[in-house]
Amino acid sequence: MILNTKTLTPSQLEIINLLLSGALAPQMGFSSRADVLSVQQYSRLTNGQLAALPLALPLTPAEKQTAQLSGRIALTDSDDRVIAEVQVTELYRLPSEALEAVKFFEPNITSDYWFAAGSIQAVKPILHARFKSSRASVKDLKHYFKNQRWQHIVAVQAKPTLNTVDAQHACEWLFANHRGGLLIQTVADESSEYFSEQVHAVRDQIRCSAARAVKLTLLPVIHHLSTQQEALLHAIICRNSGVTALVINADTPASTKQWLQRHRDELDLELLIAKRSTQRATHQQPQFAALQQVA
């Protein structure tokens, strides 16, 4: 029987990497038509659980025909390495008004595409040439936090640089909570010529004496997401990683902050709303004296 093979772009591979690592839980595979439409409209699966991405696997008509015969789809990288295999449970089309919502995975989607739902199983690890130590899965992060015996972990997002206001807010929270760990989630585009410079800059950007340690992890840039989707996605990844508090970026729109606050109990996170500042404070408390911003 012919096994359908679908080659993924680097951007698609990054999303698959999140899915396989459990970062997107409760989403553990490609969603049914009903779930895709529900997430698009309500940011929830049909079972009521919060989800940020209407995760559908797009197929051309030819790929759909092969998948219909075999019931399986092998996902490969550009070197033809099979990264994962999908066991197809449903093949469907989406209404035209829903196609915009799945462009985060396939920006060139057209009305003749089909979509597949099904469980996904890892076959080989996705290879990264740079910053391998900063590409921790949620399982790796949970294990690291447990070994550090941290009860309090606060996460801050750097996209593409770290906002000093956000970082200081995280340090204040750690100081008030008898210290703990600081997780910096750097949203970086590996295809950018400035990728290495960005990651190095973020590494050098923060010094927080209130943190027992600072852990850096890389998240991919995912395009075609609304501000609310992006914020929810970040929160879900943090929750699944074992984070206990999350700093909401100072530049996040007020409506998105309010939406997240209404769902904080479901997210099981303490949400820290950083206030936008037009200038940097001239006086710092001792525990923030080492907080620095790269010029």
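I'd like to verify a number: residues in the range 95-134 that are among the polar types (S, T, N, Q), surrounded by fewer than 11 Cβ atoms within 10 Å (Cβ to Cβ) and under 21 Å from S191 (Cβ atoms), how many?
2
I want to confirm something. Restricting to the range 40-81 and keeping residues that are acidic (D, E) and in contact (Cβ under 8 Å) with a residue 60 or more places away in the chain, which single residue is farthest from A231 (Cα to Cα)?
Selected residue: D80.
Which condition breaks for L50 when tested against (1) hydrophobic (A, V, I, L, M, F, W, C); (2) open to solvent by 60 Å² or more (accessible area, probe 1.4 Å); (3) out of contact with any Gly (no Cβ under 9 Å at 6 or more places or on another chain)?
The failed condition is (2).
Return a yes/no flag: does the range 24-38 have any residue that is of a type in the set (F, W, Y), open to solvent by 60 Å² or more (accessible area, probe 1.4 Å) and modelled with pLDDT of 95 or more. Reasoning before the result, please.
Applying the first criterion (of a type in the set (F, W, Y)) to the range 24-38 yields 30.
Still in the list and also open to solvent by 60 Å² or more (accessible area, probe 1.4 Å): none.
No, every residue in the range 24-38 fails to be of a type in the set (F, W, Y), open to solvent by 60 Å² or more (accessible area, probe 1.4 Å) and modelled with pLDDT of 95 or more.
Being open to solvent by 70 Å² or more (accessible area, probe 1.4 Å) and either at pLDDT below 90 or not in a strand (DSSP E or B) (or both): is that true of R207 here? Full working, then the answer.
On the way: open to solvent by 70 Å² or more (accessible area, probe 1.4 Å): yes; either at pLDDT below 90 or not in a strand (DSSP E or B) (or both): yes.
Taking the combined requirement at face value, the residue satisfies it.
Within the range 141-156, work out how many residues are more than 28 Å from K275 (Cα to Cα) and surrounded by fewer than 13 Cβ atoms within 10 Å (Cβ to Cβ).
Number satisfying all stated conditions: 3.
Could you grab me the full set of residues in the range 210-243 that are over 10 Å from the mean Cα position of the chain (by Cα) and open to solvent by 50 Å² or more (accessible area, probe 1.4 Å)?
R212, V214, H223, H224, S226, T227, Q228, R239
With the structure loaded, tell me whether S21 is in contact with a Ser or Thr (Cβ under 6 Å, 6 or more places away or on another chain), of a type outside the set (F, W, Y), surrounded by 15 or more Cβ atoms within 10 Å (Cβ to Cβ) and farther than 30 Å from R135 by Cβ or whether it fails that test. If you could, list the steps in order and put the result at the bottom.
On the way: in contact with a Ser or Thr (Cβ under 6 Å, 6 or more places away or on another chain): yes; of a type outside the set (F, W, Y): yes; surrounded by 15 or more Cβ atoms within 10 Å (Cβ to Cβ): yes; farther than 30 Å from R135 by Cβ: no.
It is false that S21 is in contact with a Ser or Thr (Cβ under 6 Å, 6 or more places away or on another chain), of a type outside the set (F, W, Y), surrounded by 15 or more Cβ atoms within 10 Å (Cβ to Cβ) and farther than 30 Å from R135 by Cβ.
Give the residue, chosen from A250, A201, that is open to solvent by less than 20 Å² (accessible area, probe 1.4 Å), under 14 Å from A158 (Cβ atoms) and either part of a helix (DSSP H, G or I) or touching a residue at least 24 places away in the same chain (Cβ under 8 Å) (or both). Walk me through how you get there before you give the answer.
Working: A201 fails: open to solvent by less than 20 Å² (accessible area, probe 1.4 Å).
Result: A250 is the single residue among A250, A201 that is open to solvent by less than 20 Å² (accessible area, probe 1.4 Å), under 14 Å from A158 (Cβ atoms) and either part of a helix (DSSP H, G or I) or touching a residue at least 24 places away in the same chain (Cβ under 8 Å) (or both).
Could you tell me how many of the residues in the range 8-59 are assigned to a loop (DSSP other than H, G, I, E, B) and either in contact with a strand residue (DSSP E or B) (Cβ under 8 Å, 6 or more places away or on another chain) or farther than 19 Å from V138 by Cβ (or both)?
Initial filter on the range 8-59 (assigned to a loop (DSSP other than H, G, I, E, B)): 8-9, 22-28, 31-32, 43, 45-49, 51-56.
After this cut, where a residue has to be either in contact with a strand residue (DSSP E or B) (Cβ under 8 Å, 6 or more places away or on another chain) or farther than 19 Å from V138 by Cβ (or both) as well, the list is 8-9, 28, 31-32, 43, 46-48, 51, 54-56.
So the count comes out to 13.
Considering only the range 176-190, state which residues are surrounded by fewer than 20 Cβ atoms within 10 Å (Cβ to Cβ) and either at pLDDT below 85 or more than 30 Å from Q40 (Cβ to Cβ) (or both).
Correct list: A176, N177, H178, R179.
Look at R264 and say whether it is of a type in the set (K, R), surrounded by 15 or more Cβ atoms within 10 Å (Cβ to Cβ), at pLDDT 90 or above and over 15 Å from T164 (Cα atoms). Working first, answer last.
Values: of a type in the set (K, R): yes; surrounded by 15 or more Cβ atoms within 10 Å (Cβ to Cβ): no; at pLDDT 90 or above: yes; over 15 Å from T164 (Cα atoms): yes.
Taking the combined requirement at face value, the residue does not satisfy it.
The values are calculated or read from the model by the stated rules, or taken from the named source; none is laboratory data. Predicted model only: the values in this text are computed from it and were never measured. Here Cβ is always computed from backbone atoms with ideal geometry, including for glycine, and neighbour counts include all displayed protein chains. Ligands, DNA and RNA are excluded from the accessible area calculation, which covers all protein heavy atoms including side chains. Shrake-Rupley method; radii C 1.70, N 1.55, O 1.52, S 1.80 Å.
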